[in-house]
Amino acid sequence: MLRNWVIAALPPDRYVFGMQNSRSSLTPAHGVSFADAFWVWLRIAALSFGGPAGQIAVMHRILVDEKKWVSESRFLHALNYCMLLPGPEAQQLATYIGWLMHRTAGGVMAGGLFILPGVISIMGLSWIYALWGETTLIAGLFFGMKAAVLAIVIEAVIRVGRRSLKTRAMQALAAAAFASLFLFGVPFPAVVLAAGLIGYAGGRAGRAEFTGGGHGGPARPDTDSLLGDALPDHARPTIAQTLRVACVWLAVWLVPVGTLLGLLGPDHVFSNIAVFFSKMAMVTFGGAYAVLAYVAQQAVENFHWLTPPEMLDGLGMAETTPGPLIMVLQFVGFMAAFRDAGGLSPLVAGTLGGLLATWVTFAPCFLWIFLGAPFVERLRGNRAIAGALAAITAAVVGVILNLAVWFAIHTIFRKTGEWRGFGLSIDVPVWSSLDAWALALAAAAMLAIFRFRVGMLTVLLACAIAGLALRVSGLAG
């Protein structure tokens, strides 16, 4: 019934008839019906644990190796473009391939399904956290999860660094990005933009240091794929089509923002959430790990929406649920509105705040794909774009390292201070506030990940149980 309902809603002129000449046998020219694609994308969404690396690996296994929808080279080309964009590259990759297969409707379906499990999971956990987060049970679980998150972030630094920092130029970019953020407080968007411009110039000049970026190394020779390597009809943009796409998706993104500003004023919490996360949507290069330190600085120090430990709790939620890690922003939006509910029930306000943060975070992702993908399909092998990708990926290593240091300080120490001197402003731990149990859990998590190659979800679960046991027993306060 669902299959027939979905197909019935599709424009018939875009499909070819099967042997039975009935609407239920309508399929696109590549042979994958919209309804069949729905179940494939739902399966991918349900398996989207493990951060962007795991999510991209799942998509590759299903779409390239198993279903053979797209070729290896096309998959990597789409991924490289998504890596250049602000926002979660795995969700944007799903949107891109969904668009390739079934045009705009396919992109909306793929990208929407990819985040749906995370939206539901994070919202449920946010309710639990807001209602019972101070209880021994919940506090213990998140105490342990913070230690695991620290180990996972450190592992991400090493993993991305091994793949990306293969030349002295890339290593220098990573070091410069870390120093700019940690020592000098340079704004995160400026670091990413500078790296991209350097890489673009280097790639355009043909410098060898900037020609190897991207994921996965050299692509395997293409095998026959259902889509093929020909340029699809909907990947031939016109000026009218480009303007129409821009107008529609800018309206989807910004009309709610403008409405809130007009009705509630610029100082209302919903207006702040809409504007702040709209800005984040334009600068979230490198995913959740890369942007979290910047979000934490603004949400904690400027807006006072939540505390550093609560920020870590939010990332722990995102780590243990399906979907992009950037879903942590939904938790931030929830807590912001929950604590400034105005005339609404705190839970109702929190729910609306979380959904608003999600809306303005992901609506631009569809804009970037639907507006840029038709042009990107024509840019395979462009050296300048490849150079920008390599440089941004290298800088993201420094950004994630900065996040790892921030995590370590706020996980292992109960108090922090600020050191100023020589034009620098650096967060430093108060050594007397060392939390020995947090340090022990973090060390155990790193040992499990690096020495015994234990999976991420197993480490998170084990640390959560250990944290609960420590809190219940009174050993960890």
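Among the conditions (1) surrounded by fewer than 24 Cβ atoms within 10 Å (Cβ to Cβ); (2) over 28 Å from Leu356 (Cα atoms); (3) not acidic (Asp, Glu), the only one that Gly144 does not satisfy is (1). Just one of the listed residues (Val454, Val459, Val405, Val396) is outside any helix (DSSP H, G or I), touching a helix residue (DSSP H, G or I) at 6+ places or on another chain (Cβ under 7 Å), within 30 Å of Met83 (Cα to Cα) and β-branched (Val, Ile, Thr), namely Val454.
Tell me, yes or no, whether segment 420-431 has at least one residue that is assigned to a helix (DSSP H, G or I) and small (Gly, Ala, Ser). The answer is no, given that none of the residues of segment 420-431 is assigned to a helix (DSSP H, G or I) and small (Gly, Ala, Ser).
Quick one: is Ile385 crowded, with 24+ Cβ neighbours inside 10 Å and either of a type in the set (Lys, Arg) or under 30 Å from Trp99 (Cβ atoms) (or both)? For Ile385, the condition - crowded, with 24+ Cβ neighbours inside 10 Å and either of a type in the set (Lys, Arg) or under 30 Å from Trp99 (Cβ atoms) (or both) - is not met. Just give me the residues in segment 353-366 being crowded, with 19+ Cβ neighbours inside 10 Å and not aromatic (Phe, Trp, Tyr), in sequence order. Within segment 353-366, Gly353, Gly354, Leu356, Ala357, Thr358, Val360, Thr361, Ala363, Pro364, Cys365 qualify. With respect to the stated conditions, Ala440 fails to be among the hydrophobic types (A, V, I, L, M, F, W, C) and either closer than 15 Å to Leu181 by Cα or touching a Phe, Trp or Tyr at 6+ places or on another chain (Cβ under 9 Å) (or both). Suppose the filter is closer than 17 Å to Ala408 by Cβ and at pLDDT below 80; does Gly316 pass it? For Gly316, the condition - closer than 17 Å to Ala408 by Cβ and at pLDDT below 80 - is met. Could you check segment 273-313 and list, in sequence order, the residues that are surrounded by 22 or more Cβ atoms within 10 Å (Cβ to Cβ), assigned to a helix (DSSP H, G or I), at pLDDT below 80 and β-branched (Val, Ile, Thr)? Val291, the sole residue that qualifies. Listed conditions (1) more than 26 Å from Ala57 (Cα to Cα); (2) at pLDDT below 80; (3) not in a helix (DSSP H, G or I) are all met by Gly206, apart from (2). Residues that are surrounded by fewer than 24 Cβ atoms within 10 Å (Cβ to Cβ), at pLDDT below 85 and not in a helix (DSSP H, G or I) within segment 319-350 comprise Thr320, Thr321, Pro322, listed in sequence order. All of Ala469, Ala442, Ala448, Ala438 fail the test of being farther than 17 Å from Leu150 by Cβ, in a helix (DSSP H, G or I) and touching a helix residue (DSSP H, G or I) at 6+ places or on another chain (Cβ under 8 Å), apart from Ala469. Counting only residues that are in a helix (DSSP H, G or I), under 14 Å from the mean Cα position of the chain (by Cα) and crowded, with 21+ Cβ neighbours inside 10 Å, segment 85-121 holds 11 of them. Which one is modelled with the lowest pLDDT, of the residues in segment 147-180 that are among the hydroxyl-bearing types (Ser, Thr, Tyr) and assigned to a helix (DSSP H, G or I)? Only one residue fits best here, namely Ser164. Residue-level check: of (1) out of contact with any Ser or Thr (no Cβ under 8 Å at 6 or more places or on another chain); (2) free of Cβ contacts under 8 Å to residues at least 24 places away in the same chain, Ala404 misses just (2). Of the residues making up segment 28-63, those that are more than 28 Å from Val153 (Cβ to Cβ), surrounded by fewer than 22 Cβ atoms within 10 Å (Cβ to Cβ) and out of contact with any strand residue (DSSP E or B) (no Cβ under 7 Å at 6 or more places or on another chain) are Pro28, His30, Gly31, Val32, Ala35, Asp36, Phe38, Trp39, Val40, Leu42, Arg43. Going by the structure shown, is Leu379 in contact with a Phe, Trp or Tyr (Cβ under 9 Å, 6 or more places away or on another chain), surrounded by fewer than 24 Cβ atoms within 10 Å (Cβ to Cβ) and among the aliphatic types (A, V, I, L, M)? Criteria met by Leu379. For segment 230-264, enumerate the residues that are closer than 27 Å to Ser71 by Cα and among the charged types (D, E, K, R). Hits for segment 230-264 are Asp233, Arg236.
The values are calculated or read from the model by the stated rules, or taken from the named source; none is laboratory data. Here the structure is a predicted model, which means the values were calculated and not measured. Neighbour counts run over all protein chains shown; Cβ positions are idealised from the backbone, glycine included.
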